[in-house]
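Note sheet for the following structure.
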Amino acid sequence: MTTASPTSRPPRADGVRNRRLLLSAAADAFAEHGTDVSIAEIAQRAGIGKGTVFRHFTTKEDLLAAIMCEMVDGLVAVGVGLSDAEDPAQALLAFMTAGVELLAKDRAFCEVVGRPSLHHPDVRAGLERLCDVAERLTDRARRQKAIRPDVTGTDIVLLLGGVHQTAAPLLGAEPQLWRRYLGLVFDGIRSDLTQPLPHPAPRELRFTETTPDPSE
């Protein structure tokens, strides 16, 4: 007969509850105010003390990463669910629609994915999973000649932020405007023109905080 070690004990019910309250409150606060929201406000929303927050997450970046990973994994799950769809072009469009809709609804997700200032390894790993499922969907559409042959999954992930940013200045007055620009972008992806794109696709998502010199 073996005895479970202290480290293998299941978490206490109140700890699980506090973590769930914390993640829910943090998700709402980040969505409304972006990544600059304070831990104090999150704790107040959750009805717990700041010390409890830091018992679950050592830093604010760790908390934000946990929220972002849940969102990214949700979008990955959407992509996986579409990977066997009968119409690969419509599956890719559905995936892009889900991605841009998430960006339009969640300010923090937009800040991290569209213009990332957070370089947490868990978030980067999540973005890699997102690119993988996007490539799977894109490859199916390419092989059936439903989209341009030079479009990649990384292109698709980057275009999610591009579509959102195009509509962002007017989203307050027209919250569904992004659908117009997604339609325009997707029409370009489906183009049967054979003229190659003027620049190769990026090999991977390597975000930087600096703007490269265009003369280089």
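Taking the criterion of being part of a helix (DSSP H, G or I) and surrounded by fewer than 21 Cβ atoms within 10 Å (Cβ to Cβ), the residues of region 77-86 that qualify are Ala77, Val78, Val80, Gly81.
Taking (1) touching a Gly at 6+ places or on another chain (Cβ under 8 Å); (2) free of Cβ contacts under 8 Å to residues at least 24 places away in the same chain; (3) among the small types (Gly, Ala, Ser) in turn, Ala134 satisfies each apart from (2).
Residues of region 1-47 that are modelled with pLDDT of 85 or more, among the aliphatic types (A, V, I, L, M) and open to solvent by 30 Å² or more (accessible area, probe 1.4 Å): Leu21, Ala40. Counting residues in region 138-160 that are on the phi > 0 side of the Ramachandran plot and at pLDDT below 95 gives one or more.
Quick check on my filter: what residues within region 126-148 are open to solvent by 40 Å² or more (accessible area, probe 1.4 Å) and out of contact with any helix residue (DSSP H, G or I) (no Cβ under 6 Å at 6 or more places or on another chain)? Once the filter is applied, which keeps residues that are open to solvent by 40 Å² or more (accessible area, probe 1.4 Å) and out of contact with any helix residue (DSSP H, G or I) (no Cβ under 6 Å at 6 or more places or on another chain), region 126-148 yields Glu128, Asp132, Arg136, Asp139, Arg142, Arg143, Lys145.
Here region 53-68 is the region considered, the condition is being open to solvent by 20 Å² or more (accessible area, probe 1.4 Å) and in contact (Cβ under 8 Å) with a residue 24 or more places away in the chain, and the residue that is farthest from the chain's Cα centre (by Cα) is His56. None of Val163, Val185, Val157 is touching a Cys at 6+ places or on another chain (Cβ under 6 Å) and either assigned to a helix (DSSP H, G or I) or within 15 Å of Gln90 (Cα to Cα) (or both) except Val157.
The values are calculated or read from the model by the stated rules, or taken from the named source; none is laboratory data. Predicted, not measured: the structure shown is a model, and the values here were computed from it. No Cβ is skipped: glycine too gets one built from the backbone with ideal geometry, and neighbour counts run over all protein chains shown. These accessible areas exclude ligands, DNA and RNA; they are computed on the full protein's heavy atoms, side chains included. Shrake-Rupley method; radii C 1.70, N 1.55, O 1.52, S 1.80 Å.
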